[in-house]
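Only the coordinates and a few stated rules stand behind these numbers; no lab work does. Just so you know, these numbers come straight off a predicted model, no measurement behind them. When we count neighbours, we look across all protein chains shown, and the Cβ atoms used for this are built from the backbone with ideal geometry, even at glycine.
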Amino acid sequence: MCHKQFIIKLKFIIPFVLIFSLKLSAQNYNFSNYSLKEGLPQSQVKVIYQAKNRTLWLGTFGGVSNFDGKEFTSYSKANGLISNSIRSIVEDNQNQIYLGTEAGINILKEGKVSTILKSSEVYALSKDKSGTIWGLSDYKLFSLKNGKQIFYSIEGLSITSLDSDHNGDLYVSVRGKGIFKLVNNSWVLYLKFSADLVDIGAKKILFDKRNTARIYLLTLRKGVFVSDKGEIKPFFADVES
């Protein structure tokens, strides 16, 4: 089973490595490895987020770390987190760091941890242009108002991903329907799934920096799809598809 999962991961990663290696072949980059020895609380990094001050926040199964380029500052349940399993990270307009965990949401402000929400796993967090924080939990979409969840239904269907583009616009993937975009506080259909794609269950929406009309849909077991000018087609398929 582990061997099969390893093959799946390789097939998922290699095409992207090949694409970017062609673009970067004439450039030289130096890579550094950071592990428990250098200060990470746990070796499996689930999410990486760059804050406005250019430091990196790294969510792991052992808590969260802030890396300033030289040192790690880590936080865990011992510092007040409701869970050490960090699934999502976002920064609000007041420079507070929101941490989506498997047990709710924590906020980090100037090194102090507070809990604003105890719930089931929060596996996606994002901020809209007005500064409102949005999240996903149990395939349901919500926004945060005064520390409380306000849930939103999109045709009563499961919502599998929440992401923002380079302009700060928010998008969600709705199973069986398509990609919806937040426009004037309303979720409108942006990209409709064809009949043969209704069950792709996109886990991540990626936006092309050079071609704003192109987006990539990453799925769990059906590979990667690309949308160019409204047409969705496989970018490459998973071994189990």
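Listed values, structure above:
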item: Long-range amide H partners of VAL47 with built H, under 5 Å; result: GLY59
item: Estimated inter-spin distance, THR73 and ASP165, nm [label 7 Å along Cα→Cβ]; result: 3.5 nm
item: Among the listed pairs LYS77/LYS222; LYS46/LYS77; LYS112/LYS181; LYS112/LYS140; LYS46/LYS127, those beyond 27 Å (Cα-Cα); result: LYS77/LYS222; LYS112/LYS181; LYS112/LYS140
item: Partners for LYS52 among aspartates and glutamates (Cα-Cα distance below 13 Å; same-chain residues under 8 apart left out); result: ASP68, GLU91, ASP92
item: From phi via Karplus (6.51, -1.76, 1.60), per-residue ³J(HN,Hα) for region 154-161 in Hz, x at Gly/Pro; result: 10, 6, x, 9, 6, 10, 9, 7
item: Compactness of region 32-152, expressed as Rg and Dmax over alpha-carbon positions, Å; result: 13.6, 43
item: Tail weight of P(r) past 15 Å, computed on alpha-carbon pairs of region 157-241, percent; result: 54 percent
item: For a label point 7 Å along the Cα-to-beta-carbon line of SER186, residues of region 133-171 with backbone N under 16 Å; result: 153-155
item: DSSP-defined beta bridges in region 157-241 - what % are antiparallel, rounded to 5; result: 100 percent
item: Note, ³J(HN,Hα) from phi for region 204-218, Karplus 6.51, -1.76, 1.60, rounded to Hz, x at Gly and Pro; result: 8, 10, 10, 10, 6, 5, 8, 10, 5, 7, 10, 10, 10, 10, 9
item: Net lengthening on full extension, ASP228/ILE48 (0.36 nm per residue, minus Cα-Cα); result: 62.1 nm
item: Counted charge near GLN149, where neighbours are those whose Cβ lies closer than 13 Å (Asp, Glu -1; Lys, Arg +1); result: +3
item: Residue-count net charge about ILE179 - beta-carbon cut-off 10 Å; Lys, Arg +1, Asp, Glu -1; result: +2
item: Formal net charge of residues neighbouring TYR49 (Cβ-Cβ distance under 15 Å; K, R +1; D, E -1); result: +2
item: Rounded to whole Hz, the Karplus (6.51, -1.76, 1.60) HN-Hα couplings of region 40-49, x for glycine and proline; result: 5, x, 7, 7, 9, 8, 8, 8, 10, 9
